[in-house]
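Worksheet: one structure, shown below.
The values are calculated or read from the model by the stated rules, or taken from the named source; none is laboratory data. Predicted model, so just to flag it, every value in this text is computed and none were measured. Cβ placement follows ideal geometry from the backbone for every residue including glycine, while neighbour counts extend to all protein chains displayed.
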């Protein structure tokens, strides 16, 4: 059976059922890893293109020399290398999905390895571009929601172009427009960035997961009939005091 859970917010795409089955520090660590994967999948190609094209002073000297040496025989600019390998990887990934069985998985792994090695050997792209594309792909795989992952995979092309034309200034402009669009979006009447925006409320189960005894209030963005999901003191095995001052268990 299938079900659609609505409304969907930005923070809900980082939450999975597995987060509730492990202790809260591990659940918070998993969500943090997913968030870092989102940042890598969305910004890493654009950051590399912006740094290599405009902001050389931000790269250590030894790393800059290594990057320049690896690109010495490559005839294309960095943005062309990045877009070419991104498009090639998307083609391999889509082909692997359409081919049934284990052949599709084998095609994705072997095809990416062979294509990357052949592109570097033919001096079409530099080895650092292969590393950046691989880290971007791994970051996109860490996103739990498939529809959200699709949007991130294609938005990174826009950030790559902005980084190629305007450097970090273009990427900051893209982030501003992107956040403005998200702030104006609604899912079944609920703001997409709720409850952090526009109300500015946070809780122990927003981006990071808090301990269970702190999660006593339901999310306010869906306007629940009862705000509390459990008693104020959820540890019911502890004795409570009556109004007369005696313990409830006596």
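Consider residue 49 carefully, then state whether it is crowded, with 20+ Cβ neighbours inside 10 Å, in a loop (DSSP other than H, G, I, E, B), in contact (Cβ under 8 Å) with a residue 40 or more places away in the chain and touching a helix residue (DSSP H, G or I) at 6+ places or on another chain (Cβ under 8 Å).
Values: crowded, with 20+ Cβ neighbours inside 10 Å: yes; in a loop (DSSP other than H, G, I, E, B): no; in contact (Cβ under 8 Å) with a residue 40 or more places away in the chain: yes; touching a helix residue (DSSP H, G or I) at 6+ places or on another chain (Cβ under 8 Å): yes.
So residue 49 fails the test.
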Any hit, segment 187-209, residues being loosely packed, with under 14 Cβ neighbours inside 10 Å and touching a residue at least 24 places away in the same chain (Cβ under 8 Å): yes
Condition met for residue 96 (surrounded by 14 or more Cβ atoms within 10 Å (Cβ to Cβ) and touching a strand residue (DSSP E or B) at 6+ places or on another chain (Cβ under 6 Å)): no
Some residue of segment 35-49 being within 14 Å of the chain's Cα centre (by Cα) and more than 27 Å from residue 86 (Cβ to Cβ): no
Residue count for segment 56-66, restricted to those that are touching a helix residue (DSSP H, G or I) at 6+ places or on another chain (Cβ under 9 Å) and not in a helix (DSSP H, G or I): 1
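Within segment 54-77, is even one residue under 20 Å from residue 150 (Cα atoms) and either buried (at least 17 other Cβ atoms within 10 Å of the Cβ) or at pLDDT below 85 (or both)?
Pass one, segment 54-77, residues under 20 Å from residue 150 (Cα atoms): none.
No, there is no match, as no residue in segment 54-77 is under 20 Å from residue 150 (Cα atoms) and either buried (at least 17 other Cβ atoms within 10 Å of the Cβ) or at pLDDT below 85 (or both).
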Close pairs from segment 132-144: first in contact (Cβ under 8 Å) with a residue 12 or more places away in the chain and at positive phi, partner surrounded by fewer than 16 Cβ atoms within 10 Å (Cβ to Cβ) and part of a helix (DSSP H, G or I), Cβ under 7 Å, at least 6 apart: none
Counted residues, segment 67-104 - those being part of a helix (DSSP H, G or I) and either in contact (Cβ under 8 Å) with a residue 12 or more places away in the chain or within 21 Å of residue 41 (Cα to Cα) (or both): 22
Every pair of residues 6+ apart whose Cβ atoms lie under 8 Å, when the first sits in segment 148-177 and is on the phi > 0 side of the Ramachandran plot while the second is part of a helix (DSSP H, G or I): 167/50; 167/53
